[in-house]
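Inspection log for the structure reproduced underneath, given as structure tokens.
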Amino acid sequence: MLSYNRFVRQQQLVEESWRQVDVELRRRADLAANLAALLAGHAAHERAVVEEALKARKKVLEPDGGPAQAAECDVAMSAALGRLVQVAERYQRVTSDSRFIEVCGQLRDTEDRIAAARRFYNANVRAYNTRLATMPSSLAAVGTTFKKGEVAGVVESVKAAADLLMPVTGEIVEVNEALRADPSLANSDPLGNGWFFKVHVADMAEFEQLMDLPAYDVLVKNS
């Protein structure tokens, strides 16, 4: 259960960090629209580049389709914004406008925030993928008896290995061989097909002392 809770928490971190990237991409799209309006006010004949920027902005502001869709929209938005700035800089009355200077400053700050948000998102994706790669490399054999706290197996990930400690004293009566074929089950379905082994409990008093789900939630949040 603890492994599962950490897995879910990692998923939430990936989702939350992506939302921050999305917020910054949308902010940049809005700034591009401001710049397009400014250029249109000073040079109405530059309609093509203005419309290109507004079209790219509209795609960015569509309901979030996730990182893949955002990547496609980002290519179009970056290209349109680059052309918009390039055309705007041809006109002195535009570049001398305080609003142009302000929007360009905001765009630079936003680009920095996008880069930082992407780094954070990518780090969380790497951590999530590492947790997905976790696999049981060694499990105790059926019939083996362990005392509470003894090592009953080893779980390996890309970067580290961890011991599986017996939560109670008892005998291993069944081992989940399905984990060897699909180790990701340990994280994706721990309460269903991702169990490690089944134990015949020798001391029910130990079993009754185990934490329940709310207690595990508190432990994970504070770990």
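Every number in this text was worked out from the coordinates using simple rules, so none of it is lab data. Nothing here was measured: the structure is a model prediction, and the numbers come from that model. For neighbour counting, all protein chains shown are included, and Cβ atoms are generated from backbone atoms with ideal geometry for every residue, glycine included.
Remarks
- Student exercise, region 2-132 dipole from Lys, Arg, Asp, Glu Cβ charges, in Debye to nearest 20: 300 debye
- Remark: spin-label model distance Ala115-Ser98 equals 2.9 nm, labels positioned 7 Å along the Cα→Cβ axis.
- Candidates Ala43, Ala215, Leu25 compared by Cα position along the dipole of the chain: farthest toward the positive end lies Ala43, with charges placed on Cβ.
- Set of lysines with alpha-carbon distance to Lys221 below 25 Å, sequence-local pairs under 8 removed: Lys148, Lys159
- Kirkwood hydrodynamic radius of the chain, Cα pairs, Å: 21.6 Å
- Charged side chains reduced to their Cβ positions (Lys and Arg at +1, Asp and Glu at -1) give the chain a dipole of some 1020 debye around its Cα centre.
- Over the chain: helical MRE at 222 nm, DSSP H runs n ≥ 4 each giving -39500 (n - 2.57), nearest 500: -20500 deg cm²/dmol
- Principal axis dimensions, largest first and in whole angstrom, of region 2-132 by Cα: 62, 23, 16
- Calculated FRET efficiency for the pair Val75/Ala141, C-beta based, R₀ 45 Å, to 0.05: 0.25
- Sparsely packed GluC sites (Glu not before Pro) within region 1-90, loop by DSSP, other Cβ within 10 Å at most 16: Glu89
- Taking all Cα pairs closer than 8 Å and separated by 6 or more residues, the relative contact order of the chain comes to 20 percent.
- Sites listed here are trypsin sites (Lys or Arg not before Pro) in region 58-118 whose DSSP assignment is loop and whose Cβ has at most 14 other Cβ atoms within 10 Å: Arg90.
- Computed from the Cβ-Cβ distance with R0 of 22 Å, the FRET efficiency linking Asp212 to Lys148 stands at 0.80.
- Net length gained if the chain between Arg19 and Glu51 were fully extended (0.36 nm per residue, minus Cα distance): 8.8 nm
- Extension gain for Leu165 to Asp203 (0.36 nm times residue separation, less C-alpha to C-alpha distance): 12.1 nm.
- Three-way shape label, region 135-222, alpha-carbon gyration tensor, a/c 1.5: oblate
- Residue among Val94, Val125, Val14 with the largest mean-square fluctuation in a Gaussian network model of the chain, springs linking Cα atoms under 10 Å: Val94
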